[in-house]
1. When the stretch 43-101 is examined, which residues are found to be hydroxyl-bearing (S, T, Y) and within 21 Å of T111 (Cβ to Cβ)?
2. Just give me the residues in the stretch 82-99 being without any contact (Cβ under 8 Å) to a residue 24 or more places away in the chain and either more than 19 Å from Q29 (Cα to Cα) or surrounded by 15 or more Cβ atoms within 10 Å (Cβ to Cβ) (or both), in sequence order.
3. Looking at the stretch 1-37, which of its residues are exposed (fewer than 10 other Cβ atoms within 10 Å of the Cβ) and at pLDDT 85 or above?
4. Condition first: surrounded by 15 or more Cβ atoms within 10 Å (Cβ to Cβ) and free of Cβ contacts under 8 Å to residues at least 40 places away in the same chain. Now tell me which residues in the stretch 48-66 satisfy that.
5. Looking only at the stretch 70-79, decide whether some residue is under 17 Å from S27 (Cβ atoms) and not aromatic (F, W, Y).
6. Just for helices (runs of 4 or more DSSP H) wholly inside the stretch 1-101: which have at least 2 residues that are farther than 29 Å from R117 by Cα?
Amino acid sequence: MFPPLRTFLAPLLALALSGAILIFGLSPQLPSALRALNDKVLHACGYAALAFTSAEALAVLRWGPSPPFAALGYAVVHGATLEALQSAAPRRRAEWGDLLADMVGAISGVTGWWLWRRR
């Protein structure tokens, strides 16, 4: 991909995913297509994508010495913040299992990013 385009798209995608996860995570009811899927799988997949795109965004922006660790930290803090916000949202509740699924997904996403960048 053309480097300037990648420099623009990677952070934009990471921000869009971050916002979408927050919006869907705080919505009183998920869209029917998402309700059909297992909750923990949704968490893991969402945070894998967030960690992967965040690591790539930080790498192309040359931000910090270790983009994958920063992306992992960001994804875990994002998940913990969402769970805290859900405890106050109507018809939502915070669950430790969701945060664990977020962390598993974030670790998977950063690992996938690392393997992808090594190719």
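The values are calculated or read from the model by the stated rules, or taken from the named source; none is laboratory data. Owing to the predicted nature of the structure, the values given are computational and were not obtained by experimental measurement. Here the Cβ positions follow ideal geometry from the backbone for every residue, glycine too, while neighbour counts run over all protein chains shown.
1. Our first condition is that a residue be hydroxyl-bearing (S, T, Y); within the stretch 43-101, this holds for 47, 53-54, 66, 74, 81, 87.
Hits for the stretch 43-101 are Y47, T53, S54, S66, Y74.
2. Filtering the stretch 82-99 for residues without any contact (Cβ under 8 Å) to a residue 24 or more places away in the chain gives 83-84, 87-88, 93-96, 99.
E83, A94, E95, W96, L99, listed by residue number.
3. Across the stretch 1-37, the qualifying residue is only I23.
4. Quick first cut of the stretch 48-66, residues surrounded by 15 or more Cβ atoms within 10 Å (Cβ to Cβ) only: 48-60.
L58 - this is the single residue of the stretch 48-66 that is surrounded by 15 or more Cβ atoms within 10 Å (Cβ to Cβ) and free of Cβ contacts under 8 Å to residues at least 40 places away in the same chain.
5. Step one: of the stretch 70-79, the residues under 17 Å from S27 (Cβ atoms) are 78-79.
From what's left, not aromatic (F, W, Y): 78-79.
Yes; the residues of the stretch 70-79 include at least one that is under 17 Å from S27 (Cβ atoms) and not aromatic (F, W, Y).
6. Details: elements: 3-26, 32-35, 39-60, 67-86.
Qualifying helices (runs of 4 or more DSSP H): 3-26, 32-35, 67-86.
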